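**Q** One structure, pasted below without further comment.
The values are calculated or read from the model by the stated rules, or taken from the named source; none is laboratory data. Every value quoted in this text rests on a predicted model; they were computed, and no experiment measured them. Please note: Cβ atoms are built from the backbone with ideal geometry, for glycine as well, and neighbour counts cover all protein chains shown.
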Amino acid sequence: MPERPGVEGWTGRYFEDFEPGDIYYHPLGKTVTDTDNQWFTLLTQNTAKVHFDHVASSQTEFGRPLVNSTFILALVTGQSVIDLSFNVMANLGWDEVRLPAPVFDGDTIYSRSKVLEKRTSRSRPNVGIVTVATEGFNQDGIVVISYRRTFMVYRRGFAPVNPTPRPDEASLPAVVGGTGDA
(Lines give C-alpha, C1' and ligand atoms only; values in the text may rest on other atoms or scores of the structure.)
Protein backbone atom coordinates (compact mmCIF):
# COMPACT_ATOMS: atom_id res chain seq x y z
CA MET A 1 0.00 0.00 0.00
CA PRO A 2 1.51 3.39 -0.95
CA GLU A 3 2.09 5.76 1.93
CA ARG A 4 0.76 9.31 1.95
CA PRO A 5 3.24 12.17 2.08
CA GLY A 6 3.38 14.45 5.13
CA VAL A 7 0.05 16.12 5.88
CA GLU A 8 0.18 19.85 6.57
CA GLY A 9 -0.88 20.86 10.10
CA TRP A 10 -3.10 23.82 11.05
CA THR A 11 -1.78 27.00 9.45
CA GLY A 12 -4.19 29.49 11.00
CA ARG A 13 -6.81 31.85 9.64
CA TYR A 14 -6.15 34.60 7.15
CA PHE A 15 -8.06 37.85 6.73
CA GLU A 16 -10.42 36.26 4.21
CA ASP A 17 -11.46 33.60 6.75
CA PHE A 18 -12.96 36.05 9.28
CA GLU A 19 -16.64 36.99 9.14
CA PRO A 20 -18.36 39.40 11.54
CA GLY A 21 -20.53 37.39 13.92
CA ASP A 22 -18.27 34.32 13.95
CA ILE A 23 -17.65 33.02 17.49
CA TYR A 24 -14.58 30.94 18.29
CA TYR A 25 -14.33 28.90 21.49
CA HIS A 26 -10.58 28.62 21.89
CA PRO A 27 -9.53 24.99 22.44
CA LEU A 28 -7.15 25.25 25.40
CA GLY A 29 -7.88 25.97 29.04
CA LYS A 30 -5.28 26.62 31.73
CA THR A 31 -5.45 25.97 35.45
CA VAL A 32 -3.72 28.91 37.08
CA THR A 33 -1.21 28.06 39.80
CA ASP A 34 0.31 30.09 42.59
CA THR A 35 3.65 29.71 40.77
CA ASP A 36 2.19 31.22 37.55
CA ASN A 37 0.89 34.17 39.56
CA GLN A 38 4.04 34.78 41.59
CA TRP A 39 6.44 34.42 38.66
CA PHE A 40 4.45 36.71 36.39
CA THR A 41 3.94 39.27 39.14
CA LEU A 42 7.59 39.37 40.14
CA LEU A 43 8.91 39.19 36.54
CA THR A 44 6.90 42.31 35.74
CA GLN A 45 8.10 44.02 38.94
CA ASN A 46 4.56 44.44 40.21
CA THR A 47 4.85 45.21 43.92
CA ALA A 48 1.17 44.82 44.86
CA LYS A 49 1.30 42.46 47.85
CA VAL A 50 -2.23 41.21 47.15
CA HIS A 51 -0.69 39.03 44.40
CA PHE A 52 2.17 37.35 46.26
CA ASP A 53 1.99 37.96 50.00
CA HIS A 54 -0.37 35.40 51.55
CA VAL A 55 -0.35 37.13 54.97
CA ALA A 56 -1.20 40.57 53.55
CA SER A 57 -3.80 39.21 51.13
CA SER A 58 -5.45 37.19 53.91
CA GLN A 59 -6.48 40.53 55.42
CA THR A 60 -8.41 41.60 52.30
CA GLU A 61 -12.06 40.88 51.58
CA PHE A 62 -10.88 37.98 49.37
CA GLY A 63 -8.87 36.33 52.16
CA ARG A 64 -6.24 35.04 49.73
CA PRO A 65 -4.01 36.24 46.89
CA LEU A 66 -5.64 37.54 43.72
CA VAL A 67 -4.15 36.38 40.45
CA ASN A 68 -2.47 39.28 38.67
CA SER A 69 -4.98 40.66 36.16
CA THR A 70 -2.31 41.39 33.55
CA PHE A 71 -1.38 37.70 33.65
CA ILE A 72 -5.02 36.87 32.86
CA LEU A 73 -4.99 39.39 29.99
CA ALA A 74 -1.83 37.76 28.61
CA LEU A 75 -3.18 34.23 29.15
CA VAL A 76 -6.53 34.83 27.44
CA THR A 77 -4.85 36.68 24.57
CA GLY A 78 -2.47 33.74 24.20
CA GLN A 79 -5.34 31.25 24.21
CA SER A 80 -6.94 33.13 21.30
CA VAL A 81 -3.88 33.12 19.02
CA ILE A 82 -4.61 29.66 17.58
CA ASP A 83 -7.95 30.93 16.23
CA LEU A 84 -7.36 34.63 15.67
CA SER A 85 -3.83 35.81 15.22
CA PHE A 86 -1.72 32.83 14.21
CA ASN A 87 -0.99 34.83 11.01
CA VAL A 88 -0.78 38.25 12.65
CA MET A 89 1.32 41.04 11.19
CA ALA A 90 0.85 43.29 14.22
CA ASN A 91 -1.33 43.65 17.27
CA LEU A 92 -2.90 47.11 17.25
CA GLY A 93 -4.26 47.19 20.78
CA TRP A 94 -6.74 46.25 23.47
CA ASP A 95 -9.69 48.42 24.38
CA GLU A 96 -12.38 48.30 27.05
CA VAL A 97 -10.55 45.80 29.26
CA ARG A 98 -12.88 44.83 32.12
CA LEU A 99 -12.33 42.51 35.09
CA PRO A 100 -15.81 41.63 36.40
CA ALA A 101 -14.72 38.81 38.74
CA PRO A 102 -11.49 37.83 40.53
CA VAL A 103 -9.25 34.91 39.61
CA PHE A 104 -7.64 32.73 42.28
CA ASP A 105 -5.02 29.98 42.42
CA GLY A 106 -6.64 26.78 41.09
CA ASP A 107 -9.15 28.47 38.75
CA THR A 108 -9.16 27.14 35.21
CA ILE A 109 -9.49 29.81 32.55
CA TYR A 110 -11.08 29.26 29.13
CA SER A 111 -11.89 31.83 26.46
CA ARG A 112 -13.95 32.72 23.42
CA SER A 113 -13.95 35.51 20.86
CA LYS A 114 -16.52 37.05 18.55
CA VAL A 115 -15.54 38.81 15.32
CA LEU A 116 -17.03 42.32 15.43
CA GLU A 117 -15.67 43.84 12.25
CA LYS A 118 -13.07 43.52 9.55
CA ARG A 119 -11.75 45.81 6.86
CA THR A 120 -8.93 45.92 4.40
CA SER A 121 -5.93 48.04 5.33
CA ARG A 122 -5.77 51.33 3.45
CA SER A 123 -1.97 51.48 3.67
CA ARG A 124 -0.96 47.82 3.44
CA PRO A 125 -2.62 45.74 0.71
CA ASN A 126 -1.13 42.52 2.12
CA VAL A 127 -3.14 42.66 5.37
CA GLY A 128 -6.58 43.31 6.78
CA ILE A 129 -7.69 44.66 10.13
CA VAL A 130 -9.91 42.57 12.41
CA THR A 131 -11.60 43.61 15.67
CA VAL A 132 -12.88 41.00 18.11
CA ALA A 133 -14.52 40.90 21.52
CA THR A 134 -12.91 38.32 23.78
CA GLU A 135 -14.04 36.91 27.10
CA GLY A 136 -12.13 34.74 29.53
CA PHE A 137 -14.21 32.64 31.90
CA ASN A 138 -13.52 30.23 34.72
CA GLN A 139 -14.51 26.63 35.36
CA ASP A 140 -17.91 27.78 36.61
CA GLY A 141 -18.66 29.77 33.45
CA ILE A 142 -18.12 33.11 35.20
CA VAL A 143 -16.59 35.78 32.97
CA VAL A 144 -13.40 37.07 34.62
CA ILE A 145 -12.09 39.32 31.82
CA SER A 146 -13.46 40.92 28.68
CA TYR A 147 -11.87 43.21 26.12
CA ARG A 148 -11.85 44.27 22.50
CA ARG A 149 -8.72 43.58 20.49
CA THR A 150 -7.74 44.85 17.07
CA PHE A 151 -4.99 43.29 14.98
CA MET A 152 -3.61 43.22 11.46
CA VAL A 153 -3.69 39.78 9.89
CA TYR A 154 -2.14 38.68 6.62
CA ARG A 155 -4.25 38.09 3.55
CA ARG A 156 -3.99 34.61 2.08
CA GLY A 157 -0.79 34.26 0.05
CA PHE A 158 1.00 37.18 1.73
CA ALA A 159 2.18 35.71 5.04
CA PRO A 160 5.93 35.23 5.43
CA VAL A 161 7.08 31.74 4.59
CA ASN A 162 9.51 30.15 7.01
CA PRO A 163 10.35 26.76 5.56
CA THR A 164 11.26 24.31 8.27
CA PRO A 165 14.00 21.88 7.31
CA ARG A 166 12.59 18.37 7.46
CA PRO A 167 14.44 15.07 7.56
CA ASP A 168 13.63 12.46 4.95
CA GLU A 169 10.37 10.69 5.84
CA ALA A 170 12.03 7.32 5.19
CA SER A 171 13.32 7.43 8.78
CA LEU A 172 9.73 6.98 10.06
CA PRO A 173 8.40 3.44 10.54
CA ALA A 174 6.19 1.89 7.86
CA VAL A 175 2.41 1.83 8.26
CA VAL A 176 1.18 -1.39 9.85
CA GLY A 177 -2.13 -2.97 8.86
CA GLY A 178 -4.96 -1.66 6.76
CA THR A 179 -6.23 1.74 5.77
CA GLY A 180 -7.60 2.65 9.18
CA ASP A 181 -11.22 2.29 8.05
CA ALA A 182 -13.47 0.83 10.75
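**Q** Tell me which residues, restricted to segment 126-146, are under 10 Å from P100 (Cβ atoms) and charged (D, E, K, R).
**A** Passing the criteria: only E135.
**Q** Still on this model: So in segment 28-45, with the set limited to residues that are within 17 Å of G136 (Cα to Cα) and out of contact with any strand residue (DSSP E or B) (no Cβ under 9 Å at 6 or more places or on another chain), which one is modelled with the lowest pLDDT?
**A** Filtering first and then ranking leaves N37.
**Q** Between a residue in segment 153-169 that is among the charged types (D, E, K, R) and any residue that is part of a loop (DSSP other than H, G, I, E, B), which pairs come within a Cβ distance under 7 Å, given they are 6 or more apart or on different chains?
**A** Filtered contacts from segment 153-169: R155/Y14; R155/N126; R156/Y14; E169/G6.
**Q** Sticking with this structure for a sec: Count, please, the residues in segment 30-42 that happen to be touching a residue at least 40 places away in the same chain (Cβ under 8 Å) and exposed (fewer than 15 other Cβ atoms within 10 Å of the Cβ).
**A** The number of residues fulfilling the criteria is 2.
**Q** Sticking with this one: Does segment 62-72 hold any residues that are farther than 13 Å from A101 by Cα and not β-branched (V, I, T), and which are they?
**A** Going through segment 62-72, the residues farther than 13 Å from A101 by Cα turn out to be 63-65, 70-71.
Of everything in segment 62-72, those that are farther than 13 Å from A101 by Cα and not β-branched (V, I, T) turn out to be G63, R64, P65, F71.
**Q** Moving on to the next point. Got at least one residue in segment 30-43 being touching an Asp or Glu at 6+ places or on another chain (Cβ under 6 Å), hydrophobic (A, V, I, L, M, F, W, C) and farther than 20 Å from V115 by Cα?
**A** Yes, some residue in segment 30-43 is touching an Asp or Glu at 6+ places or on another chain (Cβ under 6 Å), hydrophobic (A, V, I, L, M, F, W, C) and farther than 20 Å from V115 by Cα.
**Q** Any residue in segment 124-146 that's under 14 Å from I72 (Cβ atoms): show its pairings with residues that are assigned to a loop (DSSP other than H, G, I, E, B) at Cβ separation under 6 Å, as long as the two are six or more apart or on different chains.
**A** Qualifying pairs under 6 Å: N138/D107; I142/A101; V143/P100; V144/A101; V144/V103; V144/N138; I145/L99.
**Q** Failed condition for A48, given (1) free of Cβ contacts under 8 Å to residues at least 24 places away in the same chain; (2) in contact with a strand residue (DSSP E or B) (Cβ under 6 Å, 6 or more places away or on another chain), with all others met?
**A** (2)
**Q** Here is a further query. Please find, among D83, D105, the residue that is in a loop (DSSP other than H, G, I, E, B), under 17 Å from the mean Cα position of the chain (by Cα) and of a type in the set (D, E). First the steps, then the outcome.
**A** Working: D105 fails: under 17 Å from the mean Cα position of the chain (by Cα).
That would be D83, the only listed residue that is in a loop (DSSP other than H, G, I, E, B), under 17 Å from the mean Cα position of the chain (by Cα) and of a type in the set (D, E).
**Q** Name the residue that is surrounded by the fewest Cβ atoms within 10 Å (Cβ to Cβ), counting only residues in segment 163-176 that are under 14 Å from E8 (Cβ atoms) and not hydroxyl-bearing (S, T, Y). So that I can check it myself, show each step before the final result.
**A** Within segment 163-176, the first condition is being under 14 Å from E8 (Cβ atoms), and the residues that meet it are 163-164, 166, 169.
Subsequent filtering for residues that are not hydroxyl-bearing (S, T, Y) retains 163, 166, 169.
On the way: P163: 5, R166: 7, E169: 10.
Among those residues, the one meeting the criterion is P163.
**Q** Let me ask something additional. Yes or no: segment 98-113 includes at least one residue that is hydrophobic (A, V, I, L, M, F, W, C), over 18 Å from T31 (Cβ atoms) and in contact with a strand residue (DSSP E or B) (Cβ under 7 Å, 6 or more places away or on another chain).
**A** Looking for residues that are hydrophobic (A, V, I, L, M, F, W, C), over 18 Å from T31 (Cβ atoms) and in contact with a strand residue (DSSP E or B) (Cβ under 7 Å, 6 or more places away or on another chain), one finds at least one in segment 98-113, hence yes.
**Q** Also, quick follow-up: Would you check which residues across segment 67-109 are in contact with a helix residue (DSSP H, G or I) (Cβ under 7 Å, 6 or more places away or on another chain) and not aromatic (F, W, Y) and list them?
**A** Answer for segment 67-109, where residues must be in contact with a helix residue (DSSP H, G or I) (Cβ under 7 Å, 6 or more places away or on another chain) and not aromatic (F, W, Y): V67, N68, V97, L99, V103, D105, I109.
**Q** Taking segment 1-29 as the search range and keeping residues that are in contact (Cβ under 8 Å) with a residue 40 or more places away in the chain and among the aliphatic types (A, V, I, L, M), which one is surrounded by the fewest Cβ atoms within 10 Å (Cβ to Cβ)?
**A** M1
**Q** Among what's in segment 58-80 and is loosely packed, with under 14 Cβ neighbours inside 10 Å and of a type in the set (A, V, I, L, M, F, W, C), pick the residue that is farthest from L28 (Cα to Cα).
**A** F62
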